[in-house]
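Trainee: Please see the structure below; I have some questions.
The values are calculated or read from the model by the stated rules, or taken from the named source; none is laboratory data. Because the structure is predicted, anything quoted here is derived from the model rather than measured. Using ideal geometry, Cβ is built from the backbone for each residue, glycine included, and neighbour counts are taken over all protein chains shown.
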Amino acid sequence: MTYDSLPNRDEKKTNNNEILSNIDDGNSGTNNKISTEEDSLVWARQLYARLKAQHESTLTIEKQPQNDIKQVNDTSYSQETKSSNTQSIGLNNDELNINRSVSPDLKSPQISQFDSDFTWSSEVLAAKGVKVDQVTIEDIDWLTRLRRGLQKTRQGLVSQLLDILGDDPLTPEAVNDLETLLLKADVGVNATDKVLSVLRQRMNEEIIDPTEGIQILKNELKNLLEEPIRESSQKVLTPDKNRLNIWLLVGVNGVGKTTTLGKLANLAVRSGYTVLIAAADTFRAAAVQQIEVWGQRSHVPIIANPSVNADPAAVVFDALNAAKAKGTNLVLVDTAGRLQTKHNLMEELAKIRRVIDRLAPNAVVESLLVLDASQGQNGLYQAMAFAKTIPLTGVILTKLDGSARGGVALAVASEAKLPIRFIGAGEGIRDLHPFSSFEFVEALLAGK
Ligand SMILES: Nc1nc2c(ncn2[C@@H]2O[C@H](COP(=O)(O)OP(=O)(O)OP(=O)(O)O)[C@@H](O)[C@H]2O)c(=O)[nH]1
Ligand SMILES: [Mg+2]
């Protein structure tokens, strides 16, 4: 199961906490663990046969002719906001039930071959305790992307880890080498210290063979990632259906805010929420067009003010009024990239936040810092600096694909103490997923 089929927050209570057990079961991954390699292969084969059959039946449905995409202008929004010079772009949320086969990556993923990607992904899901009949093609597809995305980070980590651990019980020297390795992978000093002190303590008590050493390492890494998530008391970030939700995406230039917002809009729409985008990047001339394209892909309306140097806080103001009038579930706010050192630009963010607090005091507000994983430790400094201006509630880690510094997720969780909410591993609309510490650590150390 993916966020695709996430029940809405209000439905969760009666839905047996399905998301939680599937999206992330944290460290409880051993409950249902398949005991032998042979069993896991049997499980994977069963799963493959089921998904293949399911996929073939979907293909039959897809072959039936579909209507052309309907283009509708959402006049109600423009009327509401004309006075403040904003424009509403795109479709009314009421029109969301139309054919969305606009772009190839909007289509559901295809079933892959029965290969190592499939067997590894199914193993991870089985270890999380997911039942064979709960797994979707999308789950496998995402895990495959995640594992591939973390390939560069893993290459440095796993092969050297193997060398360090060897076949003999863990030695103090091996643990010292491990320290260097984790630091090199941008895991950060704090997180590395915490993990190693557990390992060292265990070594004082008993002899630890390499397999056990890896297991301890995995558990500790998962614990570190889980800590801020546990403290936030919301395991997976989903909008509250009974209230207005406002998710503000902030970060330095080019980290992937707009792309992430486009993917989030799509994820939310697929999950049954009504969404509105506030195009509050009024700094870059092309920013509105960029977000417009993303909005159109998911048929999400946009509130924008294309005039030069428009006040981003005013755009947010108009978007919130429109959302309130419409009863929208989720307002996604795109903001301009800014360096954490530019005081006036940081002040602009604080102003946006003040407008939100004044106009929607009962809304659930998430300030999500978007971090480019390839920037490694720099991301941590950004998190610290942004948190000083606006209260950050979480982090979205992008560009894990192609980055060798995915370890920064651990530094962010343990030093900035921020929960990682989503991760992006590609430029496609489906290349974003709610964060799961279990999946992340398994993908980071896949092969071990
Ligand atoms: N490979 C990869 N590229 C990504 C990912 N997310 C975003 N990008 C790319 O990063 C580039 C910048 O993305 P934007 O979404 O425009 O970044 P931004 O933070 O909105 O940029 P500014 O608004 O200029 O600050 C684009 O080329 C995106 O396609 C990702 O997860 N993986
Ligand atoms: Mg942008």
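Trainee: It is to be established whether one or more residues within region 237-250 are of a type in the set (A, V, I, L, M, F, W, C), under 17 Å from the mean Cα position of the chain (by Cα), in a loop (DSSP other than H, G, I, E, B) and not assigned by TED's automatic domain parsing to the domain that holds residue 421.
Mentor: Yes, there is a match, as at least one residue in region 237-250 is of a type in the set (A, V, I, L, M, F, W, C), under 17 Å from the mean Cα position of the chain (by Cα), in a loop (DSSP other than H, G, I, E, B) and not assigned by TED's automatic domain parsing to the domain that holds residue 421.
Trainee: Here's a follow-up. Would you mind stating whether residue 267 is within 15 Å of ligand 1 (Cβ to nearest atom) and over 24 Å from residue 139 (Cβ atoms)?
Mentor: no
Trainee: Moving on to the next point. Go through region 166-215 and give me each residue that's part of a loop (DSSP other than H, G, I, E, B) and over 25 Å from residue 416 (Cβ atoms).
Mentor: If the condition is that a residue be part of a loop (DSSP other than H, G, I, E, B) and over 25 Å from residue 416 (Cβ atoms), then 166, 167, 168, 169, 170, 171, 206, 207, 208, 209 are the ones that fit.
Trainee: Read through the list (1) within 16 Å of ligand 2 (Cβ to nearest atom); (2) within 25 Å of residue 398 (Cα to Cα); (3) modelled with pLDDT under 95, then give the number of the only condition that residue 298 fails.
Mentor: Of (1) within 16 Å of ligand 2 (Cβ to nearest atom); (2) within 25 Å of residue 398 (Cα to Cα); (3) modelled with pLDDT under 95, only one is false for residue 298: (1).
Trainee: I've got another one for you. Mind checking whether some residue in region 340-347 is within 16 Å of ligand 1 (Cβ to nearest atom), in contact with a strand residue (DSSP E or B) (Cβ under 6 Å, 6 or more places away or on another chain), of a type in the set (A, V, I, L, M) and at negative phi?
Mentor: Checked region 340-347: no residue is within 16 Å of ligand 1 (Cβ to nearest atom), in contact with a strand residue (DSSP E or B) (Cβ under 6 Å, 6 or more places away or on another chain), of a type in the set (A, V, I, L, M) and at negative phi.
Trainee: Now for a different question. Does residue 347 satisfy the criteria of being of a type in the set (Asp, Glu) and modelled with pLDDT under 95?
Mentor: yes
Trainee: I would also like to ask the following. Taking residue 388 as meeting all but one of (1) farther than 22 Å from residue 270 by Cβ; (2) surrounded by fewer than 24 Cβ atoms within 10 Å (Cβ to Cβ); (3) under 12 Å from the mean Cα position of the chain (by Cα), write down the number of the exception.
Mentor: (3)
Trainee: Being part of a loop (DSSP other than H, G, I, E, B) and either acidic (Asp, Glu) or under 15 Å from residue 251 (Cα atoms) (or both): is that true of residue 392 here?
Mentor: yes
Trainee: Residue by residue through region 138-150, note down the ones that are in contact (Cβ under 8 Å) with a residue 60 or more places away in the chain and of a type in the set (S, T, N, Q).
Mentor: Scanning region 138-150 gives no hits.
Trainee: If you don't mind, another one. Working only within region 227-265, note down all residues that are within 16 Å of ligand 2 (Cβ to nearest atom) and of a type in the set (S, T, N, Q).
Mentor: Matches in region 227-265: 253, 258, 259, 260.
Trainee: Additional query: Does residue 336 count as in contact (Cβ under 8 Å) with a residue 40 or more places away in the chain, surrounded by fewer than 23 Cβ atoms within 10 Å (Cβ to Cβ), within 29 Å of residue 388 (Cα to Cα) and within 24 Å of the chain's Cα centre (by Cα)?
Mentor: Answer is yes for this residue.
Trainee: Please work out which one of (1) part of a strand (DSSP E or B); (2) within 16 Å of ligand 2 (Cβ to nearest atom) is the condition residue 366 fails and give its number.
Mentor: (2)
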